[in-house]
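The values are calculated or read from the model by the stated rules, or taken from the named source; none is laboratory data. All figures in this text were calculated on a predicted structure; none of them were measured in a lab. Cβ atoms come from the backbone with ideal geometry, glycine included; neighbour counts cover every protein chain shown. When the accessible area is computed, the model is the full protein with side chains, heavy atoms only, and any ligands, DNA or RNA have been set aside. Shrake-Rupley method; radii C 1.70, N 1.55, O 1.52, S 1.80 Å.
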Amino acid sequence: MAERVANREGIKGMANPTRYGLERVAYWLQRISGLGLLAYLIGHIYETSTILNGKIAWNNMLSLTETPGGHLVLVLVIGMCVFHTGNGIRLMISEGGKGVGKPGQPEYPYRASSLNSKQRLCIWVSIALAALAMMYGAGVLFGD
Amino acid sequence: MAAITASREEKPEPTKQTPPPAPAVESAPKTITLRISRSNPSENSAAKFDEFQIPVQKWTTVLEAILHVKQNLDHSVAVRYSCRQASCGSCGMKINGRPRLACYTKVSELDSNVITVEPMSNFPIIRDLAVDFKQLFSTHKKMKPFIINEGSEVQPGAKEFIQTPNDLEKFLQFSYCIKCGLCNSACPTMATDKSFIGPQGLAQAYRYTADNRDEGKKGRLKIVDQSHGIWRCHFAGSCSNVCPKGVDPAMAIQLLRGYLLGFRK
Ligand code: HEM
Ligand code: SF4
Ligand code: FES
(Lines give C-alpha, C1' and ligand atoms only; values in the text may rest on other atoms or scores of the structure.)
(Ligands and ions follow the chains in the order given, each with its own letter.)
Protein backbone atom coordinates (compact mmCIF):
# COMPACT_ATOMS: atom_id res chain seq x y z
CA MET A 1 0.00 0.00 0.00
CA ALA A 2 1.16 3.48 -0.68
CA GLU A 3 2.99 5.11 2.13
CA ARG A 4 0.96 7.84 3.73
CA VAL A 5 2.29 10.95 5.36
CA ALA A 6 1.25 10.87 9.03
CA ASN A 7 0.96 14.67 9.02
CA ARG A 8 1.26 15.02 12.80
CA GLU A 9 1.97 18.54 14.01
CA GLY A 10 4.72 17.24 16.29
CA ILE A 11 6.45 19.18 19.05
CA LYS A 12 6.28 22.37 17.00
CA GLY A 13 2.48 22.23 16.91
CA MET A 14 2.17 21.09 20.52
CA ALA A 15 4.35 23.97 21.70
CA ASN A 16 2.58 26.61 19.61
CA PRO A 17 0.53 28.68 22.10
CA THR A 18 -1.39 30.66 19.47
CA ARG A 19 -4.56 29.74 17.53
CA TYR A 20 -6.77 28.21 20.23
CA GLY A 21 -7.41 30.90 22.82
CA LEU A 22 -6.31 31.64 26.36
CA GLU A 23 -6.63 28.05 27.62
CA ARG A 24 -4.00 26.90 25.13
CA VAL A 25 -1.73 29.76 26.28
CA ALA A 26 -2.21 28.56 29.88
CA TYR A 27 -1.32 25.01 28.81
CA TRP A 28 1.87 26.32 27.24
CA LEU A 29 2.78 28.47 30.26
CA GLN A 30 2.15 25.53 32.65
CA ARG A 31 4.46 23.34 30.59
CA ILE A 32 7.21 25.95 30.19
CA SER A 33 7.04 26.90 33.88
CA GLY A 34 7.00 23.25 35.00
CA LEU A 35 10.06 22.47 32.90
CA GLY A 36 11.71 25.75 33.98
CA LEU A 37 11.14 24.90 37.65
CA LEU A 38 12.51 21.41 37.12
CA ALA A 39 15.63 22.88 35.51
CA TYR A 40 15.91 25.34 38.40
CA LEU A 41 15.53 22.54 40.98
CA ILE A 42 18.36 20.57 39.39
CA GLY A 43 20.53 23.69 39.12
CA HIS A 44 19.69 24.61 42.69
CA ILE A 45 20.70 21.20 44.02
CA TYR A 46 23.96 21.48 42.08
CA GLU A 47 24.51 25.03 43.36
CA THR A 48 23.93 24.22 47.02
CA SER A 49 25.95 21.01 46.78
CA THR A 50 29.11 23.06 46.20
CA ILE A 51 29.17 23.64 49.96
CA LEU A 52 30.56 20.11 50.19
CA ASN A 53 33.73 21.42 48.50
CA GLY A 54 34.37 23.97 51.22
CA LYS A 55 33.88 27.63 51.90
CA ILE A 56 35.81 28.97 48.90
CA ALA A 57 33.88 26.93 46.36
CA TRP A 58 30.59 27.98 48.01
CA ASN A 59 31.54 31.65 47.93
CA ASN A 60 32.60 31.40 44.28
CA MET A 61 29.23 29.92 43.41
CA LEU A 62 27.40 32.61 45.39
CA SER A 63 29.22 35.39 43.60
CA LEU A 64 28.10 33.83 40.33
CA THR A 65 24.43 34.05 41.32
CA GLU A 66 24.76 37.55 42.70
CA THR A 67 25.03 39.13 39.29
CA PRO A 68 22.33 40.93 37.30
CA GLY A 69 21.98 37.78 35.16
CA GLY A 70 21.60 35.61 38.26
CA HIS A 71 18.99 37.97 39.66
CA LEU A 72 17.07 37.93 36.40
CA VAL A 73 16.94 34.13 36.57
CA LEU A 74 15.60 34.35 40.14
CA VAL A 75 12.92 36.87 39.10
CA LEU A 76 11.84 34.44 36.35
CA VAL A 77 11.79 31.57 38.85
CA ILE A 78 9.51 33.60 41.12
CA GLY A 79 7.14 34.24 38.21
CA MET A 80 7.17 30.59 37.13
CA CYS A 81 6.55 29.41 40.70
CA VAL A 82 3.56 31.67 41.22
CA PHE A 83 1.93 31.04 37.85
CA HIS A 84 2.56 27.29 38.01
CA THR A 85 1.05 27.02 41.48
CA GLY A 86 -1.99 29.22 40.72
CA ASN A 87 -2.79 27.61 37.39
CA GLY A 88 -1.84 24.17 38.79
CA ILE A 89 -4.54 24.51 41.46
CA ARG A 90 -7.06 25.50 38.74
CA LEU A 91 -6.06 22.40 36.74
CA MET A 92 -6.24 20.04 39.72
CA ILE A 93 -9.79 21.18 40.49
CA SER A 94 -10.94 21.18 36.84
CA GLU A 95 -9.31 17.88 35.98
CA GLY A 96 -11.33 16.35 38.81
CA GLY A 97 -14.48 17.46 36.99
CA LYS A 98 -15.26 20.59 39.04
CA GLY A 99 -15.86 24.02 37.52
CA VAL A 100 -15.99 22.80 33.93
CA GLY A 101 -19.68 23.62 33.44
CA LYS A 102 -22.75 21.42 33.23
CA PRO A 103 -23.84 19.41 30.21
CA GLY A 104 -26.91 20.87 28.50
CA GLN A 105 -28.52 21.57 25.17
CA PRO A 106 -25.89 23.33 23.03
CA GLU A 107 -27.13 26.59 21.55
CA TYR A 108 -25.67 28.31 18.51
CA PRO A 109 -22.96 29.70 18.36
CA TYR A 110 -21.92 26.81 20.60
CA ARG A 111 -19.63 28.38 23.17
CA ALA A 112 -18.10 25.48 25.08
CA SER A 113 -19.05 25.75 28.74
CA SER A 114 -15.78 24.15 29.90
CA LEU A 115 -14.01 27.23 28.54
CA ASN A 116 -16.02 29.46 30.87
CA SER A 117 -15.34 32.88 32.34
CA LYS A 118 -14.34 31.46 35.76
CA GLN A 119 -11.63 29.36 34.14
CA ARG A 120 -10.40 32.40 32.23
CA LEU A 121 -10.49 34.54 35.36
CA CYS A 122 -8.34 31.97 37.21
CA ILE A 123 -5.79 32.03 34.38
CA TRP A 124 -5.65 35.84 34.36
CA VAL A 125 -5.36 35.96 38.16
CA SER A 126 -2.46 33.47 38.01
CA ILE A 127 -0.74 35.64 35.39
CA ALA A 128 -1.38 38.83 37.37
CA LEU A 129 -0.12 37.32 40.65
CA ALA A 130 3.00 36.08 38.86
CA ALA A 131 3.62 39.55 37.43
CA LEU A 132 3.13 41.20 40.85
CA ALA A 133 5.46 38.70 42.54
CA MET A 134 8.08 39.28 39.85
CA MET A 135 7.88 43.03 40.33
CA TYR A 136 8.21 42.67 44.09
CA GLY A 137 11.11 40.22 43.68
CA ALA A 138 12.87 42.49 41.21
CA GLY A 139 12.48 45.37 43.67
CA VAL A 140 14.14 43.36 46.44
CA LEU A 141 16.90 41.83 44.30
CA PHE A 142 17.83 44.86 42.22
CA GLY A 143 16.91 47.57 44.78
CA ASP A 144 19.88 49.10 46.61
CA MET B 1 -70.17 21.96 -9.65
CA ALA B 2 -70.33 23.81 -6.41
CA ALA B 3 -68.56 27.09 -6.49
CA ILE B 4 -65.96 27.53 -3.86
CA THR B 5 -66.30 30.88 -2.27
CA ALA B 6 -63.47 32.20 -0.24
CA SER B 7 -64.27 34.53 2.56
CA ARG B 8 -62.91 37.92 1.63
CA GLU B 9 -62.70 38.93 5.24
CA GLU B 10 -60.09 36.29 6.01
CA LYS B 11 -57.65 37.49 3.40
CA PRO B 12 -57.77 41.24 3.12
CA GLU B 13 -56.48 42.76 -0.08
CA PRO B 14 -53.16 44.49 0.44
CA THR B 15 -53.83 48.13 1.09
CA LYS B 16 -51.76 50.98 -0.25
CA GLN B 17 -50.02 51.25 3.15
CA THR B 18 -48.47 47.77 2.86
CA PRO B 19 -44.70 48.28 2.84
CA PRO B 20 -42.99 47.29 -0.41
CA PRO B 21 -41.11 43.99 -0.39
CA ALA B 22 -37.60 44.22 1.05
CA PRO B 23 -35.01 44.86 -1.65
CA ALA B 24 -32.95 41.83 -2.63
CA VAL B 25 -29.84 41.47 -0.48
CA GLU B 26 -27.08 43.16 -2.33
CA SER B 27 -23.66 41.64 -2.29
CA ALA B 28 -21.04 42.77 -4.72
CA PRO B 29 -19.14 39.69 -5.84
CA LYS B 30 -15.47 39.96 -5.03
CA THR B 31 -12.49 37.89 -5.97
CA ILE B 32 -10.34 36.06 -3.48
CA THR B 33 -7.23 33.97 -3.79
CA LEU B 34 -7.76 30.37 -2.77
CA ARG B 35 -4.53 28.51 -1.97
CA ILE B 36 -5.01 24.75 -1.97
CA SER B 37 -2.38 22.41 -0.54
CA ARG B 38 -1.63 19.73 -3.12
CA SER B 39 0.13 16.52 -2.20
CA ASN B 40 0.04 12.89 -3.15
CA PRO B 41 1.93 10.73 -0.65
CA SER B 42 1.49 7.67 -2.87
CA GLU B 43 3.68 9.38 -5.45
CA ASN B 44 6.01 10.78 -2.81
CA SER B 45 5.54 14.23 -4.27
CA ALA B 46 6.26 17.11 -1.93
CA ALA B 47 3.31 19.27 -0.88
CA LYS B 48 2.88 22.49 -2.84
CA PHE B 49 0.23 25.17 -3.02
CA ASP B 50 -1.86 25.87 -6.12
CA GLU B 51 -3.46 29.30 -6.26
CA PHE B 52 -6.81 30.11 -7.80
CA GLN B 53 -8.77 33.34 -8.22
CA ILE B 54 -12.37 32.70 -7.15
CA PRO B 55 -15.42 34.97 -7.31
CA VAL B 56 -17.27 34.87 -4.00
CA GLN B 57 -20.46 36.30 -2.54
CA LYS B 58 -21.18 37.16 1.08
CA TRP B 59 -22.63 33.69 1.59
CA THR B 60 -20.06 31.60 -0.31
CA THR B 61 -18.61 28.84 1.86
CA VAL B 62 -15.04 27.62 1.65
CA LEU B 63 -16.38 24.29 0.35
CA GLU B 64 -18.23 26.08 -2.46
CA ALA B 65 -15.03 27.94 -3.33
CA ILE B 66 -13.16 24.62 -3.56
CA LEU B 67 -15.95 23.09 -5.65
CA HIS B 68 -15.75 26.12 -7.95
CA VAL B 69 -12.13 25.16 -8.58
CA LYS B 70 -13.11 21.55 -9.26
CA GLN B 71 -15.89 22.53 -11.66
CA ASN B 72 -14.12 25.28 -13.57
CA LEU B 73 -10.38 25.33 -13.04
CA ASP B 74 -8.86 22.04 -11.91
CA HIS B 75 -10.99 18.96 -11.45
CA SER B 76 -8.14 16.96 -9.92
CA VAL B 77 -8.35 18.60 -6.48
CA ALA B 78 -9.12 15.87 -3.92
CA VAL B 79 -11.64 16.88 -1.27
CA ARG B 80 -14.13 14.87 0.79
CA TYR B 81 -17.60 16.23 1.44
CA SER B 82 -21.18 15.08 1.43
CA CYS B 83 -23.96 16.88 3.30
CA ARG B 84 -22.80 20.51 2.87
CA GLN B 85 -24.62 21.36 6.10
CA ALA B 86 -22.30 20.47 8.99
CA SER B 87 -23.95 17.12 9.56
CA CYS B 88 -21.81 14.41 8.00
CA GLY B 89 -18.40 15.44 9.33
CA SER B 90 -16.60 14.85 6.02
CA CYS B 91 -15.19 18.23 5.12
CA GLY B 92 -12.87 19.04 8.04
CA MET B 93 -9.71 20.80 6.94
CA LYS B 94 -7.27 23.46 8.06
CA ILE B 95 -8.58 26.81 6.87
CA ASN B 96 -6.23 29.74 7.41
CA GLY B 97 -4.35 27.67 9.99
CA ARG B 98 -7.34 26.44 12.03
CA PRO B 99 -9.30 23.20 11.76
CA ARG B 100 -12.84 23.97 10.55
CA LEU B 101 -15.63 22.44 8.49
CA ALA B 102 -15.33 23.83 4.94
CA CYS B 103 -19.11 23.71 4.44
CA TYR B 104 -19.73 25.60 7.69
CA THR B 105 -17.17 28.36 7.16
CA LYS B 106 -18.11 31.33 5.04
CA VAL B 107 -15.31 33.04 3.15
CA SER B 108 -16.63 36.39 4.40
CA GLU B 109 -16.20 35.44 8.07
CA LEU B 110 -12.47 34.86 7.57
CA ASP B 111 -11.82 38.56 6.93
CA SER B 112 -9.10 37.85 4.41
CA ASN B 113 -8.73 38.00 0.66
CA VAL B 114 -6.39 35.02 0.76
CA ILE B 115 -7.80 31.70 1.95
CA THR B 116 -5.38 28.85 2.52
CA VAL B 117 -6.78 25.32 2.80
CA GLU B 118 -4.68 22.38 3.97
CA PRO B 119 -5.44 18.83 5.10
CA MET B 120 -6.24 18.47 8.82
CA SER B 121 -3.18 17.94 10.99
CA ASN B 122 -2.70 14.71 12.94
CA PHE B 123 -4.46 12.64 10.24
CA PRO B 124 -2.57 10.79 7.49
CA ILE B 125 -3.01 12.49 4.11
CA ILE B 126 -4.62 10.45 1.33
CA ARG B 127 -4.36 13.20 -1.28
CA ASP B 128 -4.62 17.00 -1.21
CA LEU B 129 -7.36 17.82 1.34
CA ALA B 130 -8.62 14.29 1.92
CA VAL B 131 -7.32 12.60 5.06
CA ASP B 132 -7.57 9.08 6.46
CA PHE B 133 -10.08 8.53 9.28
CA LYS B 134 -9.24 4.88 9.95
CA GLN B 135 -7.70 5.54 13.36
CA LEU B 136 -10.51 7.86 14.50
CA PHE B 137 -13.19 5.34 13.55
CA SER B 138 -11.41 2.36 15.10
CA THR B 139 -10.78 4.30 18.32
CA HIS B 140 -14.42 5.36 18.36
CA LYS B 141 -15.46 1.69 18.12
CA LYS B 142 -13.12 0.73 20.94
CA MET B 143 -15.06 3.08 23.26
CA LYS B 144 -18.09 0.74 22.94
CA PRO B 145 -20.33 3.50 21.54
CA PHE B 146 -23.62 1.80 22.29
CA ILE B 147 -25.91 1.20 25.26
CA ILE B 148 -24.80 -1.83 27.21
CA ASN B 149 -27.75 -3.26 29.08
CA GLU B 150 -28.84 -6.87 29.49
CA GLY B 151 -32.49 -5.83 29.66
CA SER B 152 -32.37 -3.85 26.42
CA GLU B 153 -33.24 -6.85 24.21
CA VAL B 154 -36.83 -6.84 23.05
CA GLN B 155 -38.53 -9.75 24.79
CA PRO B 156 -41.90 -10.46 26.32
CA GLY B 157 -42.49 -8.26 29.31
CA ALA B 158 -39.70 -5.82 28.40
CA LYS B 159 -40.64 -2.21 29.08
CA GLU B 160 -39.33 0.95 27.50
CA PHE B 161 -36.74 2.91 29.44
CA ILE B 162 -38.17 6.07 30.84
CA GLN B 163 -35.76 8.99 30.82
CA THR B 164 -36.52 12.37 32.27
CA PRO B 165 -35.40 15.54 30.45
CA ASN B 166 -32.74 15.81 33.18
CA ASP B 167 -31.43 12.33 32.39
CA LEU B 168 -31.31 13.27 28.73
CA GLU B 169 -29.38 16.50 29.30
CA LYS B 170 -26.56 14.58 30.97
CA PHE B 171 -25.41 13.10 27.64
CA LEU B 172 -27.35 14.86 24.87
CA GLN B 173 -24.72 17.37 23.80
CA PHE B 174 -22.07 14.67 23.50
CA SER B 175 -24.33 12.67 21.20
CA TYR B 176 -24.19 15.53 18.68
CA CYS B 177 -20.65 14.51 17.66
CA ILE B 178 -20.41 14.14 13.86
CA LYS B 179 -16.95 12.49 13.95
CA CYS B 180 -15.39 15.29 11.93
CA GLY B 181 -12.07 14.98 13.76
CA LEU B 182 -11.50 18.74 14.18
CA CYS B 183 -10.95 18.20 17.92
CA ASN B 184 -8.28 15.54 17.36
CA SER B 185 -6.62 17.84 14.86
CA ALA B 186 -6.40 20.75 17.34
CA CYS B 187 -5.34 18.66 20.36
CA PRO B 188 -1.73 19.26 21.50
CA THR B 189 -1.38 15.72 22.85
CA MET B 190 -2.57 14.25 19.55
CA ALA B 191 0.19 16.30 17.87
CA THR B 192 2.90 14.11 19.36
CA ASP B 193 1.24 10.91 20.64
CA LYS B 194 0.09 8.62 17.86
CA SER B 195 -1.61 6.18 20.27
CA PHE B 196 -3.63 8.73 22.26
CA ILE B 197 -7.37 7.97 22.30
CA GLY B 198 -8.04 11.65 21.60
CA PRO B 199 -10.87 14.02 22.55
CA GLN B 200 -13.36 12.53 20.08
CA GLY B 201 -13.12 9.01 21.53
CA LEU B 202 -12.96 10.13 25.16
CA ALA B 203 -16.04 12.33 24.72
CA GLN B 204 -17.92 9.34 23.30
CA ALA B 205 -16.81 7.16 26.21
CA TYR B 206 -18.39 9.78 28.46
CA ARG B 207 -21.53 10.08 26.32
CA TYR B 208 -22.47 6.42 26.92
CA THR B 209 -21.20 6.27 30.48
CA ALA B 210 -23.41 9.22 31.48
CA ASP B 211 -26.51 7.61 29.96
CA ASN B 212 -28.63 6.15 32.75
CA ARG B 213 -29.79 3.28 30.49
CA ASP B 214 -26.20 2.11 30.21
CA GLU B 215 -24.51 -0.45 32.44
CA GLY B 216 -21.11 -0.54 30.71
CA LYS B 217 -19.39 2.08 32.84
CA LYS B 218 -16.89 -0.26 34.46
CA GLY B 219 -15.64 -1.67 31.17
CA ARG B 220 -15.42 1.72 29.50
CA LEU B 221 -13.54 3.30 32.40
CA LYS B 222 -11.03 0.47 32.12
CA ILE B 223 -10.55 1.20 28.42
CA VAL B 224 -9.83 4.92 28.94
CA ASP B 225 -7.70 4.37 32.07
CA GLN B 226 -4.58 3.29 30.18
CA SER B 227 -1.21 4.81 29.40
CA HIS B 228 -2.29 6.52 26.16
CA GLY B 229 -5.72 7.22 27.56
CA ILE B 230 -7.51 9.84 29.58
CA TRP B 231 -4.56 10.95 31.73
CA ARG B 232 -2.74 12.34 28.68
CA CYS B 233 -5.28 15.17 28.50
CA HIS B 234 -3.89 18.42 29.96
CA PHE B 235 -7.12 20.40 29.58
CA ALA B 236 -5.68 22.77 26.97
CA GLY B 237 -9.29 23.14 25.74
CA SER B 238 -8.36 23.36 22.05
CA CYS B 239 -10.77 20.52 21.17
CA SER B 240 -13.73 22.42 22.59
CA ASN B 241 -12.46 25.62 21.01
CA VAL B 242 -12.79 24.15 17.49
CA CYS B 243 -15.74 21.72 17.82
CA PRO B 244 -18.43 22.89 15.35
CA LYS B 245 -21.30 21.12 17.15
CA GLY B 246 -20.94 22.35 20.72
CA VAL B 247 -19.98 18.89 21.94
CA ASP B 248 -17.33 20.30 24.33
CA PRO B 249 -15.08 17.22 24.53
CA ALA B 250 -12.85 18.92 27.13
CA MET B 251 -15.79 19.00 29.54
CA ALA B 252 -16.63 15.36 28.84
CA ILE B 253 -13.04 14.30 29.55
CA GLN B 254 -12.84 16.12 32.90
CA LEU B 255 -16.25 14.72 33.95
CA LEU B 256 -15.12 11.23 32.95
CA ARG B 257 -12.02 11.72 35.10
CA GLY B 258 -14.35 12.60 37.96
CA TYR B 259 -15.64 8.98 37.85
CA LEU B 260 -12.11 7.56 37.88
CA LEU B 261 -11.00 9.79 40.75
CA GLY B 262 -14.09 8.90 42.77
CA PHE B 263 -15.59 12.42 42.77
CA ARG B 264 -18.61 11.19 40.82
CA LYS B 265 -20.63 8.02 40.97
C1 HEM C 1 2.43 24.09 44.62
C2 HEM C 1 3.20 23.67 43.69
C3 HEM C 1 2.77 23.00 42.41
C4 HEM C 1 1.53 22.71 41.92
C5 HEM C 1 0.17 23.00 42.54
C6 HEM C 1 1.73 22.04 40.65
C7 HEM C 1 0.71 21.58 39.84
C8 HEM C 1 0.91 20.96 38.65
C9 HEM C 1 -0.13 20.38 37.84
C10 HEM C 1 -1.60 20.29 38.21
C11 HEM C 1 0.45 19.88 36.71
C12 HEM C 1 -0.25 19.12 35.60
C13 HEM C 1 -0.74 20.05 34.57
C14 HEM C 1 -1.38 19.34 33.42
O15 HEM C 1 -2.34 18.59 33.57
O16 HEM C 1 -0.91 19.57 32.32
C17 HEM C 1 1.86 20.15 36.80
C18 HEM C 1 2.77 19.81 35.83
C19 HEM C 1 4.13 19.91 35.99
N20 HEM C 1 4.80 20.42 37.08
FE21 HEM C 1 3.93 21.22 38.73
N22 HEM C 1 3.07 21.93 40.41
C23 HEM C 1 3.74 22.50 41.45
C24 HEM C 1 5.10 22.61 41.61
C25 HEM C 1 6.04 22.16 40.70
C26 HEM C 1 7.47 22.21 40.91
C27 HEM C 1 8.17 22.76 42.14
C28 HEM C 1 8.04 21.67 39.78
C29 HEM C 1 9.49 21.46 39.43
C30 HEM C 1 10.39 21.08 40.22
C31 HEM C 1 6.98 21.27 38.89
C32 HEM C 1 7.15 20.70 37.67
C33 HEM C 1 6.15 20.32 36.83
C34 HEM C 1 6.36 19.72 35.54
C35 HEM C 1 7.68 19.43 34.86
C36 HEM C 1 5.09 19.48 35.01
C37 HEM C 1 4.77 18.84 33.65
C38 HEM C 1 4.31 19.88 32.73
C39 HEM C 1 3.48 19.32 31.61
O40 HEM C 1 3.48 18.10 31.38
O41 HEM C 1 2.82 20.11 30.93
N42 HEM C 1 5.77 21.57 39.49
N43 HEM C 1 2.11 20.82 37.98
S1 SF4 D 1 -16.33 16.22 19.33
FE2 SF4 D 1 -16.83 17.95 17.93
S3 SF4 D 1 -14.89 18.35 16.83
FE4 SF4 D 1 -14.71 16.32 17.76
S5 SF4 D 1 -15.32 14.87 16.15
FE6 SF4 D 1 -17.16 15.30 17.40
S7 SF4 D 1 -18.17 17.02 16.37
FE8 SF4 D 1 -16.09 16.92 15.52
S1 FES E 1 -19.94 18.39 3.96
FE2 FES E 1 -20.90 17.34 5.65
S3 FES E 1 -20.00 18.36 7.35
FE4 FES E 1 -19.29 19.55 5.69
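Evaluate E = 1/(1 + (r/R0)^6) for B:Gln57 and B:Thr164, where r is the Cβ-Cβ distance and R0 equals 45 Å; express this FRET efficiency to the nearest 0.05. Intermediate results must be reported in sequence, preceding the final value.
Details: r = 46 Å, r/R0 = 1.02.
After rounding to 0.05, the efficiency reads 0.45.
Which entries in B:Lys48/B:Lys134; A:Lys102/B:Lys94; B:Lys179/B:Lys265; B:Lys48/B:Lys222; B:Lys70/B:Lys170; A:Lys118/B:Lys265 show an alpha-carbon gap greater than 32 Å? Present the calculation step by step, with values, prior to reporting the outcome.
Values: B:Lys48/B:Lys134 25 Å; A:Lys102/B:Lys94 30 Å; B:Lys179/B:Lys265 28 Å; B:Lys48/B:Lys222 44 Å; B:Lys70/B:Lys170 43 Å; A:Lys118/B:Lys265 25 Å.
Correct reply: B:Lys48/B:Lys222; B:Lys70/B:Lys170.
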How far apart, in nm, are two points set 7 Å out from the Cα along the Cα-to-Cβ line at A:Lys98 and at B:Cys88? 4.6 nm
What is the diffusion coefficient of chain B in µm²/s, taking the Kirkwood radius over Cα pairs and the Stokes-Einstein relation at 20 °C with a viscosity of 1.002 mPa s? 99 µm²/s
Using alpha carbon centroids, what distance separates the range B:51-68 and the range A:85-104, in Å? 41 Å
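Could you compute the longest span of chain B free of chymotrypsin sites (Phe, Trp or Tyr not before Pro) located in DSSP loops and having at most 15 other Cβ atoms within 10 Å, not counting the site residues?
After excluding every exposed loop site, the longest remaining stretch is B:162-262.
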Sorted largest first, extent of the range B:30-131 alpha carbons per principal axis (Å): 38, 28, 24
Sum up the charges of everything whose Cβ sits under 12 Å from the Cβ of B:Leu73, counting Lys and Arg as +1 and Asp and Glu as -1, but leave B:Leu73 out. -2
What's the extension gain from A:Trp58 to A:Leu37 if we count 0.36 nm per residue and subtract their Cα-Cα distance? 5.3 nm
Label point distance in nm, A:Leu72-B:Arg213, each placed 7 Å from Cα along Cα→Cβ: 6.4 nm
Averaged per residue, what accessible area in Å² does chain B show with a 1.4 Å probe, protein chains only? 53 Å²
Would you work out if the range A:53-144 is rounded, prolate or oblate? Take a ≥ b ≥ c from the square roots of the eigenvalues of the alpha-carbon gyration tensor; rounded if a/c is under 1.5, else prolate when a/b is larger than b/c, oblate otherwise. prolate
Give the average, rounded to an integer, of partner chain Cβ atoms located within 10 angstrom of each Cβ in A:105-118. 5
Label-to-label distance, nm, for residues given as A:Ile51 and A:Thr18 (7 Å Cα→Cβ offset): 4.7 nm
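Given a 1.4 Å probe and no ligands, DNA or RNA in the count, how much accessible surface is buried by B and A, both sides, to the nearest 100 Å²? List each step's numbers first, then the result.
Numbers: alone 15930 and 10940 Å², together 23210 Å².
When B and A are taken together, about 3700 Å² of accessible area is lost.
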